[in-house]
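Note sheet for the following structure.
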Amino acid sequence: MTETERPLRADARRNRERIMVAAGELFARRGREAQMEEIAARAGLGMGTLYRHFPNKQALLTAMVGERFHGMAELARAAEQITDAGDAFETILRNYLEAADGDASFQLALMGSDDLEWERIRQQKAEFAAAVTRIIDRAVASGRVRADLTLADFTLVASGVISTMYFKPGGNADWRRHLQLALDGIRKPGTKGRPQRSGN
């Protein structure tokens, strides 16, 4: 069991949170160019403390994405409670993207998956995928979405929209438009989706 897997003391937990906040801020500004030394300095911690928690940038990104997928699984389970199957699907897709919006570390990781130790967060990712698959299956069975929709399609659409976020970070109108166009292609002809929220 690694240090990040066993329960942490309160001070160690606070340090870990400081590191992840600092890393998120630097990834937002500098992308893959952000260095571990910069992250430690921004967190106000020494390099030894940083490396005790995360031996390299790959491990740090992996931990951040793992926490994000854990939160995404909770969003998916909440969406499963929505009665209308089509609304449930659109809700989890929108909420997934809303959560990714502004989270540069998550966008960065998904844009460059080789930077992650995916095996370490296999369980978090699997829990999210299982919940989304159930939502998709119910939406397909209801006739609200196209009959050939799969989890792979969800990932494809989400990755495309996230690329719009990543390369056009100045506002959210572009990615919301991208999402709306994608949903128009996913819905079964003759059905209507949820009203679109206006962007800022």
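Laboratory data are not the source of any read-out in this text; all were calculated from the coordinates shown. As the structure is a computational prediction, the values presented were derived from the model and not from experiment. FYI the Cβ positions are ideal-geometry reconstructions off the backbone, even for glycines, and counts take in every protein chain you see.
Aspartates and glutamates near K57 by alpha-carbon distance under 13 Å, same-chain residues fewer than 8 away left out - which ones?
E33, E37, E38, D114, D115, E117
Find the eigenvalues of the gyration tensor of the Cα atoms of the range 1-110, then list the square roots of 5 times those eigenvalues as equivalent ellipsoid semi-axes, largest first, in whole angstrom. Walk me through the intermediate numbers first.
Details: eigenvalues 186, 55, 19 Å².
Equivalent-ellipsoid dimensions as semi-axes: 31, 17, 10 Å.
May I ask for the angle, rounded to the nearest 10°, between helix 122-142 and the longest principal axis of the chain, with both axes built from Cα atoms and the value confined to 0 to 90°?
For helix 122-142, the angle is close to 10 degrees.
Whole-Å semi-axes of the chain's equivalent ellipsoid, largest first, each the root of 5 times a Cα gyration tensor eigenvalue?
34, 19, 13
Put +1 on the Cβ of each Lys and Arg and -1 on the Cβ of each Asp and Glu in the range 9-138; which of L108, T133, A23 then has its Cα farthest toward the positive end of the dipole?
Checked the options; the winner is A23.
Could you tell me the largest-minus-smallest coordinate of the C-alpha atoms of the range 8-55 on each of the three principal axes, in descending order and whole angstroms?
31, 16, 16
Please determine, in degrees from 0 to 90 and to the nearest 10, the orientation of helix 57-79 with respect to the longest principal axis defined by the Cα atoms of the chain, where the helix direction is its Cα long axis.
Value to nearest ten degrees: 30.
For the chain, with only Lys/Arg (+1) and Asp/Glu (-1) charged at the beta-carbon, what is the dipole magnitude about the Cα centre, in debye rounded to 20?
Details: 30 positive and 27 negative charges, 66 e Å.
The calculated dipole for the chain is roughly 320 debye.
Okay, helix-only estimate at 222 nm for the chain: each DSSP H run of n ≥ 4 adds -39500 (n - 2.57), divide by all residues, round to 500 deg cm²/dmol; what do you get? Intermediate results must be reported in sequence, preceding the final value.
Details: 9 runs with 135 residues, N = 200.
So the helix-based figure for the chain works out to -22000 deg cm²/dmol.
Mind pulling the angle between the C-alpha long axis of helix 85-100 and the longest principal axis of the chain? Nearest 10 degrees, somewhere in 0 to 90.
Between helix and principal axis, roughly 30 degrees.
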